[in-house]
Amino acid sequence: MYQWEQELFDGTKTIFEKLKHPDTVVVFPVLDDGKIILTEQEQPGKQSFIGATGGRIDDGEDILEAAKRELLEESGYEASEFILWDTQHPTSKIDWVIYTFIAKGLKKVSDMNLDAGEKITLKPVNFDEFIELGTNKKFAEKEIIFKLLEAKLYPEKKEELRKLFNPKF
């Protein structure tokens, strides 16, 4: 946490506070058959959840390198293409950025290499199942729920998203 003195509109001053959280990457891998690899995860002190591969960006690490590392560690896949799909600051009270990628051109190169606090099962789903996750309370990637709900409501948005996740484009 850090604090700073801030001048207000009336000229008075007050102390503001903000938390610092390491920036994170989220990666949605797409198999050649069009299925999107999701994860079912367990972590100590949390309810199990459905999500994507991803995690913290290490100090000095580039966001793309972090995405590649997290994909490999949590799935055993490498990808030939990474598309930066979304970037968000999830809250104004925390200095934190979430970078969301779509990974295509997958190749299985190793077993998963999980941290001691992770239990992960890979769950490939089709595009329509992926869209439905926007209303699943266990879906952890809250930063993209709006995009999933928008695709569910508007056919043109769904087609845009379908093209983005198409492994052939």
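Residue by residue, here is whether (1) among the small types (Gly, Ala, Ser); (2) touching a Lys or Arg at 6+ places or on another chain (Cβ under 8 Å); (3) surrounded by 13 or more Cβ atoms within 10 Å (Cβ to Cβ); (4) closer than 22 Å to PHE130 by Cα holds:
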site: LYS18; (1), (2), (3), (4): no, yes, yes, no
site: THR24; (1), (2), (3), (4): no, yes, yes, yes
site: ASP32; (1), (2), (3), (4): no, no, no, yes
site: GLU42; (1), (2), (3), (4): no, yes, yes, yes
site: VAL97; (1), (2), (3), (4): no, no, yes, no
site: SER110; (1), (2), (3), (4): yes, no, no, no
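Note on region 44-57: residues that are outside any strand (DSSP E or B) and either closer than 11 Å to PHE101 by Cα or within 11 Å of the chain's Cα centre (by Cα) (or both) total 1. Out of THR12, THR24, THR39, one residue alone is hydroxyl-bearing (Ser, Thr, Tyr) and within 25 Å of LYS168 (Cβ to Cβ). It is THR39. Taking the criterion of being closer than 22 Å to LEU19 by Cα and outside any helix (DSSP H, G or I), the residues of region 58-85 that qualify are ASP58, ASP59, GLY60, GLU61, ASP62. Here region 119-141 is the region considered, the condition is being assigned to a helix (DSSP H, G or I) and surrounded by 12 or more Cβ atoms within 10 Å (Cβ to Cβ), and the residue that is modelled with the lowest pLDDT is GLY134. Residues in region 78-110 that are over 18 Å from ILE63 (Cβ atoms) and modelled with pLDDT of 95 or more: 6 in all. Only one of these is surrounded by 11 or more Cβ atoms within 10 Å (Cβ to Cβ), free of Cβ contacts under 8 Å to residues at least 24 places away in the same chain, polar (S, T, N, Q) and touching a Ser or Thr at 6+ places or on another chain (Cβ under 8 Å): THR87, THR53. Name it. Only one candidate passes the filter, namely THR87.
The values are calculated or read from the model by the stated rules, or taken from the named source; none is laboratory data. Bear in mind the structure is a predicted one, so any value in this text is a computation, not a measurement. In this analysis, Cβ positions are derived from the backbone assuming ideal geometry, glycine residues included, and neighbour counts consider all displayed protein chains.
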